[in-house]
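J.: Right, I'll just put the structure down here and ask away after.
The values are calculated or read from the model by the stated rules, or taken from the named source; none is laboratory data. All of these numbers come straight from a predicted model, not from anything done at the bench. A quick note on method: Cβ atoms are made from the backbone with ideal geometry, for glycine too, and the neighbour counts reach across all protein chains shown. Surface accessibility is based on the protein's heavy atoms, side chains included, excluding ligands, DNA and RNA. Shrake-Rupley method; radii C 1.70, N 1.55, O 1.52, S 1.80 Å.
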Amino acid sequence: MESVVFIFSLIDCCALIFLSVYFIITLSDLECDYINARSCCSKLNKWVVPEVIGHAVVTVLMLISLHWFIFLLNLPIATWNIYRFIMVPSGNMGVFDPTEIHNRGQLKSHMKEAMIKLGFHLLCFFMYLYSIRQQSIS
């Protein structure tokens, strides 16, 4: 059962790594003016809910399977994703809003957040890989 938990987490983590890279590429395209703000934000907002669900599922899965360290490691990022999704101001298109993305350095902060998430998911990827290896040795 433990191996199944970590294999699922590893697959989910691969998807989240892909999403982080996609966010970085799309935001850098906006930064270089290859795409307009509306198109960028609509592309990114499509993937916010799957990202929140994917990360929340892994966090809950680690809680249920009693892997406390990994649960506590995932909890702040999952909480931040949920908070960011819930606190979207009314009238905005979503987490990424084309009218505000160039204001107050939001583009830079979104890019920094995507980079931090990419680093976090890479760390988790290798932790899950190591955990699968430990389960197969036991």
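J.: Do any trypsin sites (Lys or Arg not before Pro) in the range 27-112 lie in a DSSP loop with no more than 11 other beta carbon atoms within 10 Å, and if so, which?
T.: Lys46
J.: Moving on to the next point. If you roll a 1.4 angstrom probe over the protein chains with everything in place, what fraction of the accessible area of the chain belongs to carbon and sulfur, to the nearest %?
T.: Carbon and sulfur: 71 percent of the exposed surface of the chain.
J.: Determine, from the Cβ-Cβ distance of Glu2 and Ile116 and an R0 of 41 Å, the FRET efficiency 1/(1 + (r/R0)^6), rounded to the nearest 0.05.
T.: After rounding to 0.05, the efficiency reads 0.90.
J.: Moving on to the next point. To check my understanding: the extent here is largest minus smallest coordinate of the Cα atoms along each principal axis. What are those three numbers for the range 59-138, in Å, largest first?
T.: 54, 22, 15
J.: Size of the dipole of the range 64-138 about the Cα centre, Lys and Arg at +1 and Asp and Glu at -1 on the beta carbon, nothing else charged, in debye to 20?
T.: Roughly 160 debye for the range 64-138.
J.: Accessible area per residue, 1.4 Å probe, Å², for the chain: what's the number?
T.: 57
J.: Which length gain, in nm to one decimal place, applies between Cys14 and Ile82 when the Cα-Cα distance is subtracted from 0.36 nm times their residue separation?
T.: 22.5 nm
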